[in-house]
Every structure is written in C-alpha cells, then in structure tokens.
Amino acid sequence: MSESPIEALEKRLQCCKNRHLPKALEDKINDFCNKPIESLIIEAANFLHCELDEEMHSEDNVKAVIDAFPESLSQENDIGYLPIMSALTCHNDHGNRFISFIPLLAKEGSRLGVGGEGMRGGLLCELPGEDDVGNALQVLPAIVNTDEGAFGNKLMKVLDELRNLGLMVRSDIKELNLLSYCLFRCKDRLFEYLTSWDPNALATAKWEGEPLIHISITRGEYEKESFEMILKAGMRHFPTHHGFLFRKYKGKTACEAAFDILGETEAMSIIRRCIPPGDCHSIVHRAADISTAVVMNEFVKYYPDEFYTRDANGRTLSQVQFHAELRRGKKTFHHDAAFFMGATDDEVEMKDPMLGLYPCMVAASGN
C-alpha cells in the first residue's frame, strides 16, 4: 500500500530534522512549513465552526483535530464567533448537530485558555453583536427551538456533562439570570431542570428589575405558556407563597397583571391547573390579604369551598379581610365608623400575623 501524502511529508521532514542542512535551504523549508500550518489551522477552525455533525463525527475525531491544531479553538469566524459559540447557535431543519460537542469544546478550550483565564473555554465570552443575549452559556437556554423529545434529551445531557466538568455551576443560574433566558422560547423542561437545581433562583430572578412571573406575562412571546411554566415551578418549590402569584411589581400583583393581559377566564384556567381547587391552599385568603376586593371576589367564584376554611394562621376570611383593610391605612373612624362598629369579636381579638399587632393598635397608628 502506497504511503499517504501526510506520511510522505512526515518522512521527508523527519529526514531534515537534526541534519546539517545549508542555512539558506533550512530557512526556506521553515518558511514553506509555516504557510501550510497556518492554512491547516484555518481549515481545522472552519471544520469546528461549520462542519461538526454528531451523526458523522465522534468525540475522538474532534479531539484529534484539537490536539493537532489547538489554535483552531481560538480562531474566530467572520462574525467574531469562537467555535464553541458556533456550536451553540448553528442549527438547521434537522436540529442542532453541533450541540453534543459543547462539553468537549468547553473542556478542551478551558485547558487551552480559550477566551482568557476563568472564561471556561469560551462559555463566558460575550457573543459579539448580541446585546440582548450575553455570553455563550446564556445562549444555551435562549437559542434552541425546543427542549422536548430527542433534542431535549441531548440538551439535558449537555447540561449534565457541563455540571460534572465544573464548567457550569449552580451560582450561574442566579448570576447569569439563566431562568429569564428560558422565557424567550418557553423551555419548560429546561426551566424545571434549572429551578430544581437552584429553587432559590426562582424567588430572586428578575429582568431589568421586574420579577420573573411578571415578565412571563408582560414581555414574553408565549405569555400563557410562560406564565403557567413559572407558576407551576413556583408551586412545586414555594407552595406557601402560592408560586409568587401575589408578588407585587409597581403596585400590581402578578395575578392582576395576568387578569389584565390574558383575561380573567384564561388566567384563572391556568391558575386552577397549577393550584387545583380542593387542595386547601388558602388562596382566597391570600387574595384578600394582598390584592383588591375585585380580585378576591374572582377567587371566591373559582374556589368557593375555601370561603369557609381558615388560612395557615387560623384566620377566617372575614378576619383576613378586616386585617387587610386596616393595614392599608385608609379606614378612619371619622369616615368609616360603620366599618369599625360592625367588627365582630373574632375580628377584633385576632392579631394581624403580618404586623404582629392587634387591630386596635393598627387602627390607632392609622388614626
């Protein structure tokens, strides 16, 4: 079998090594070698940018390219992307066939210092020209079309591998605001993965100061789906907070925002799926405590059985309403004498758990 061009060139260059070649000829040979090496680095980088295909290439194939031409991992394409960025963003009608190689590219890139110290092989490098996206790790939940089916399995595997390699850590979820990026295309499975890893991020995540559950309704492309996705996760991890349904932003609860944008019927349909009636969540009491009388009335319509129950503090609905009215500070004896005179013994004798004060104290501070 005849030797390959690579083998033939290797043999001739090996003969030149450590030989006493004339200086002028040695310089010419070195110049000749430099040019094809530079060209080959460019070809290797082009392969990493454009030609990776998990159906055609193995990790060993890709590792061999990187070992032979380590500089290729730092080569930017014509829009300034590193190969790991191309692997995140390149996809076609058949799906993303690059994404499975991301852990390998990140691992080798980290070893070779791609992007600089602490940049995790390019994962933390900002994508050029992508002001609304951020770094490569933030692109992962934002750019893909779906997290379901076979591709979803592939995506979850990539996340697991990055975690095991220490190239994605729990603090990233909060510090890089990854939950907000999931809203761009409503990635339910990915959202569940991240919130299960760090539930507290769900409580603190904001986008430009706006809580996540509000963003899902007011800014999302998929308002209904995003609202349900966040409320479902909120109920899974923070049931006593009713999934942050009554969290306020600029004086309005997420529930009220959902009523305004989705409509009462659609909003309550989603809420009832995430917070089923009959599960004793005291949601009517919470609505009375936090929201307006109009919102509370809507919850009474959809959760009528809770009208007769007590909340976690042992309060009846009328006690909750009485405390809420006093806390708002708008009731005075001069203008609302009937309100105070009509208060029952139960209402007057129960402390407001939010303030730790008896109603008489709250009323005195407001009057």
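The values are calculated or read from the model by the stated rules, or taken from the named source; none is laboratory data. Remember, it's a predicted structure, so these values are computed and weren't measured experimentally. Cβ coordinates were reconstructed from backbone atoms using ideal geometry, including for glycine residues, and neighbour counts include every protein chain displayed. The area values use the complete protein model at the heavy-atom level, side chains included, leaving out ligands, DNA and RNA. Shrake-Rupley method; radii C 1.70, N 1.55, O 1.52, S 1.80 Å.
Annotations
- Boolean, Y222 is crowded, with 17+ Cβ neighbours inside 10 Å, among the aromatic types (F, W, Y), out of contact with any Gly (no Cβ under 9 Å at 6 or more places or on another chain) and over 29 Å from A312 (Cα atoms): no
- Any hit, the stretch 22-37, residues being buried (at least 16 other Cβ atoms within 10 Å of the Cβ) and at pLDDT 70 or above: no
- All positions within the stretch 188-234 that are basic (K, R) and under 17 Å from C274 (Cα atoms): R189, K224, K232
- Whichever residue in the stretch 259-305 is outside any helix (DSSP H, G or I) and among the hydrophobic types (A, V, I, L, M, F, W, C) and, among such residues, is most open to solvent (accessible area, probe 1.4 Å): C280
- Every pair of residues 6+ apart whose Cβ atoms lie under 8 Å, when the first sits in the stretch 309-324 and is touching a residue at least 40 places away in the same chain (Cβ under 8 Å) while the second is assigned to a helix (DSSP H, G or I): A312/T240
- Here H323, H335 are screened, and the one residue that is closer than 20 Å to I290 by Cβ and modelled with pLDDT under 80 is H323.
- Close pairs from the stretch 57-69: first in contact (Cβ under 8 Å) with a residue 12 or more places away in the chain and small (G, A, S), partner crowded, with 18+ Cβ neighbours inside 10 Å and in a helix (DSSP H, G or I), Cβ under 8 Å, at least 6 apart: A68/A44
- Given (1) touching a Ser or Thr at 6+ places or on another chain (Cβ under 9 Å); (2) within 29 Å of R189 (Cβ to Cβ); (3) touching a residue at least 40 places away in the same chain (Cβ under 8 Å), index of the condition I215 fails: (3)
- Filter result for D346 (assigned to a helix (DSSP H, G or I) and either at pLDDT 75 or above or out of contact with any helix residue (DSSP H, G or I) (no Cβ under 9 Å at 6 or more places or on another chain) (or both)): no
- Scan of the stretch 306-317 for residues that are in a helix (DSSP H, G or I) and either of a type in the set (A, V, I, L, M) or closer than 10 Å to M350 by Cβ (or both), ordered by number: L317
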